[in-house]
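A short worksheet on the structure shown next.
The values are calculated or read from the model by the stated rules, or taken from the named source; none is laboratory data. Model, not experiment: these values are computed from the prediction. Glycine gets a Cβ as well: all are built from the backbone with ideal geometry, and neighbour counts include every protein chain shown. Ligands, DNA and RNA are stripped out before the accessible areas are found, and what is left, the full protein with its side chains, is counted by its heavy atoms. Shrake-Rupley method; radii C 1.70, N 1.55, O 1.52, S 1.80 Å.
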Amino acid sequence: MTTPSAEVTAAGVTDRLTGLVRALRAHGFGIGTGESVDAGRALEAVGFADRERMREALAATLLHQEGQRALFDRVFDLYFPASAGPVADETAGQADTAALRERLAAALAADDRSALARLAGEAVGSLGGYGSSPGSDGWSSYQTLARLRPETLLARVRAMLRDASALEDAGSQAPAFTDRLTDDEIRRRIEAFREQVRTEARVRVAERQGRDRVARRAVGGAADSVDFLLAGRAQLDELRRTVHPLARKLATRLAARRRRAARGRIDLRRTLRGSLSTGGVPMRPVLRRRRPGRPELVLLCDVSGSVAGFANFTMLLVQALHDQFSRVRVFAFVNRTDEVTDLIARGSSDPAGLGARILAEAELTGWHGQSDYGSALGEFVERYVDAVGPRTAVFILGDARTNMTDPNLPAVRLIRDRARRVHWLNPEQPSLWSTGDSAALAYAELVDMRPCRNARQLGELIGRLLPV
Amino acid sequence: MTTGYFTSVDDVAERLAATGYLASPAVATTVFLADRLGKPLLVEGPAGVGKTELAKAVARVADARLIRLQCYEGVDESRALYEWNHAKQLLRITAGREESWDETRTDIFGEEFLLSRPLLTAIRSADPTVLLIDETDKADVEVEGLLLEVLSDFQVTVPELGTITATRRPFVVLTSNASRELSEALRRRCLFLHIGFPEEELERRILTMRVPGLDEALAASLVRVVGALRAMDLRKVPSVAETIDWARTLLALGAGTLDETVVRDSLGVILKHQDDILKAAAKLDLDAV
Ligand SMILES: Nc1ncnc2c1ncn2[C@@H]1O[C@H](COP(=O)(O)OP(=O)(O)OP(=O)(O)O)[C@@H](O)[C@H]1O
Ligand SMILES: [Mg+2]
């Protein structure tokens, strides 16, 4: 990828550099004047012909730690895009999607990076545009990926690789040991391609709406402020790494609250009994010794499609906090409900695969794959209502999008009446709660519902809402 | 002030390769910039990815003297910068009994009694020098203050001798495993380079270069298995150093290709923890280890 960008010349470069530095500062990077000056000198030293060298030169001068790199790369791609503007063939219609998929499969099989980069551009150009004006009103990576569905190419790519190696050592013996690695390798390549599509869409949107705006908004910040619903796979991976530090922080906070709560409650009965020896004058107040009885927690999670990332993160967090409770039980649902407590406990060794295993091993869907809160809540009440008692805090996680089915409010009412308390965490912002098929407002009348859009908010909510 | 060892990024890559270090584009670019801008290079990354080796390779290429300050817990100014040779000073004092104290004092705080440590040696060196401050994160925070001073102006003040300024700026490499966060101030003095695990193709070339006689196909398979291990959630994933060890082991065992048995029997060379071995074996579908 050494294509020089037509626009990137010494003259334009200063502006871009200034914009990039401004955007990075807005994301909280501490960049002083000295570093900006060094960055300029570094660019001059490596020249403007090789984009990857420019990227490294800026990273070397502007960054101070690796944790900043992912965000830096996203911002860099906006200010120093690979090609100047959208490519020509914007007209390719649906009919060509099949051809595009076939070329994508070939590039994935060959692991041809520059072809993959080109294809990402082409895919966003032909499949990602929306709106009515000639050049499109915007570009959506979500739409591109939904139409192109690169994740479904696994089998095709595998077949191509098998054909290629059969050709190479014709008639050779048993399958090679490394064959078993192939699927995962293909998956990683597909994921990298999906990320390229996201970058490409951002770059195009930036060209239309102005870089500065997109750089501030769309590249995502530190992992814990990434919107659960918008996070890509890489961001979810990043996020997962924050589970344990967050759990540690919360555990300390909960312990402190518990200490505070345990202090200063007077046990009247025992104080009076003690006062008998002082002639009935309560000289020594006896403080109530709180039984170490810790609360019970029930987590009820929608793990369908877009909210799965949110659910999985929360499950891992709760698992990491399990010491804080006398009992934790976790239930997952799409349109049926199943207990997944054991899967989560085992999941801490392979957090990345958790979501897939839940979907594979638990009974979560009936005859269709869409979420149906009504049926799922009904099944929970029917099969597991004993899990909920007067010492239980229940957290329900989900966007409350019922796909137009009956929300089954009585089930929620029943859970509420049995539990010590119920909180509903919704990854959507409140302004969306009344839109489309969301039953959020109806549920919110019964139980306490709160928006919870990113890990930082989740940490705050859990720290505040958990009973001690 | 630049060190002026290299003429271009390509020049860096080619000459490092000629001495046996294969640089990724990021490494080549950043080394070139450190040379051009005359700034210290802070290299971070997991163990065994070639951080130390990079500094050595630059020294070889530039035909420079390699001066190494190995950091550890408790390293201090007298180990890092300079120290007076007390024993020798005492001898000198007893030898010159009939001198006045003033005469003796000017004498015993002279060059002859100074023990120069890596930082001072590097500053005073008139020849091309690569100063390697290895495992900076192991040193205590106070040493960072010292480094900061030395690396800002490349000068050292010895109260008894005055200020010593570098006549020729050394090429400075600091390495860190990030076992402790280095201070923001020190980071700001440096160019930052993170060396991660190499791309498949680069690691294959490193293997072929470091392990002569290794079959190409076997090298490719090894690198793929190592890549799969790195994608697993292990306590310690294998680094380049382990890949090289593994290749050497297989070569010594005379294994021509990777198969189930070979991998199962040699997994201990690349993975250091028993639970990692078990987990990897399960994920790789190996029969019981
Ligand atoms: N790019 C490379 N080219 C050639 N050899 C390499 C390369 N990267 C690593 N190696 C080899 O890998 C081994 C480990 O390198 P080195 O000791 O420099 O690692 P390190 O990053 O300093 O590790 P530590 O953090 O443990 O000190 C050495 O044998 C080195 O020669
Ligand atoms: Mg080292």
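When the alpha carbon gyration tensor of segment B:97-237 is reduced to an equivalent ellipsoid, the three semi-axes, largest first, read 46, 18, 14 Å.
Given R₀ = 56 Å, what would the calculated FRET efficiency be for A:ARG357 paired with B:GLU77, taking r from the Cβ atoms and rounding to 0.05? The partial results should precede the final answer.
Values: r = 55 Å, r/R0 = 0.98.
That pair, A:ARG357 with B:GLU77, gives E of 0.55.
Over the protein assembly as shown, the alpha carbon radius of gyration divided by the compact-protein estimate 2.2 N^0.38 Å works out to 1.15. Between B:LYS138, B:LYS279, B:LYS88, the GNM of chain B built on Cα springs shorter than 10 angstrom shows B:LYS88 fluctuating the most.
Calculate what fraction, in whole %, of the accessible area of the protein assembly as shown sits on carbon and sulfur atoms when a 1.4 Å probe is rolled over the protein chains. Before the final figure, lay out the partial values.
Values: 18220 of 35310 Å².
Ligands and nucleic acids excluded, carbon and sulfur give 52 percent.
Given in Å, the Rg to one decimal and the Dmax to the nearest whole number for the Cα atoms of chain B are 23.8, 84. With 20 Å as the limit, the listed pairs A:LYS249/B:LYS279; B:LYS236/B:LYS283; A:LYS249/B:LYS236; B:LYS138/B:LYS279 have A:LYS249/B:LYS279; A:LYS249/B:LYS236; B:LYS138/B:LYS279 beyond it between alpha carbons.
Taking amide H as placed 1.01 Å from N in the peptide plane, B:ARG68 has its amide H under 5 Å from the amide H of B:LEU132, each at least 5 places away in sequence or on another chain. Relative to a virtual label point 7 Å from the Cα of A:ARG383 in the Cα→beta-carbon direction, which members of segment A:314-357 show backbone nitrogen distances below 11 Å? Residues A:331-340 fall inside that zone. Over all distinct Cα-Cα pairs of segment A:13-79, the Kirkwood formula returns a hydrodynamic radius of 11.7 Å. Result for chain B in a Gaussian network model with C-alpha springs under 10 Å: among B:ALA80, B:ALA241, B:ALA231, the largest mean-square fluctuation is at B:ALA231.
Only protein heavy atoms count here, probed at 1.4 Å, and on that basis chains B and A bury about 2700 Å² of accessible area in total.
Semi-axes of the equivalent ellipsoid for segment A:377-434, computed as √(5λ) from the eigenvalues of its C-alpha gyration tensor and ordered from largest down, come to 22, 14, 8 Å. Rounded to the nearest Hz, the phi-derived 3J(HN,Hα) couplings of segment B:25-31 under the Karplus curve 6.51 cos²θ - 1.76 cosθ + 1.60 (θ = phi - 60°) are x, 5, 5, 4, 4, 6, 4, where x marks glycine and proline.
For chain B, the longest principal axis of the Cα atoms and the long axis of helix B:240-253 meet at an angle of about 60 degrees. Were the residues from B:LEU251 through B:ALA178 laid out at 0.36 nm apart, the gain over their Cα-Cα distance would be 22.9 nm.
Could you name the aspartates and glutamates whose alpha carbon sits less than 15 Å from that of B:LYS88, not counting residues in the same chain fewer than 8 places away? Cross-link targets: B:ASP107, B:GLU111, B:GLU112.
Which percent, to the nearest 5, of DSSP beta bridges fully inside the protein assembly as shown are antiparallel?
Working: 14 of 54 bridges.
Here the antiparallel bridges make up roughly 25 percent for the protein assembly as shown.
Each residue of segment B:149-157 was assigned a 3J(HN,Hα) from its phi angle through the Karplus curve 6.51 cos²θ - 1.76 cosθ + 1.60 (θ = phi - 60°); the sequence is 4, 5, 7, 6, 10, 6, 9, 10, 9 Hz, with glycine and proline shown as x. Coordinate range of the alpha-carbon atoms in segment B:200-283 per principal axis, descending: 33, 25, 16 Å.
Loop-located chymotrypsin sites (Phe, Trp or Tyr not before Pro) in segment A:357-395 (DSSP state not H, G, I, E or B) with no more than 13 neighbouring Cβ atoms inside 10 Å: A:TRP367.
What whole-number value in Å² describes the accessible area per residue of the protein assembly as shown for a 1.4 Å probe?
Using a 1.4 Å probe on heavy atoms only, each residue of the protein assembly as shown averages 47 Å².
With the cut-off at 28 Å, report for segment B:1-151 the share of all Cα pairs above it, as a whole percent. Walk me through the numbers before you get to the answer.
On the way: 3944 of 11325 pairs.
So the portion of pairs separated by more than 28 Å is 35 percent.
Here segment B:200-283 is treated with +1 on each Lys and Arg Cβ and -1 on each Asp and Glu Cβ, and its dipole about the Cα centre works out to around 240 debye.
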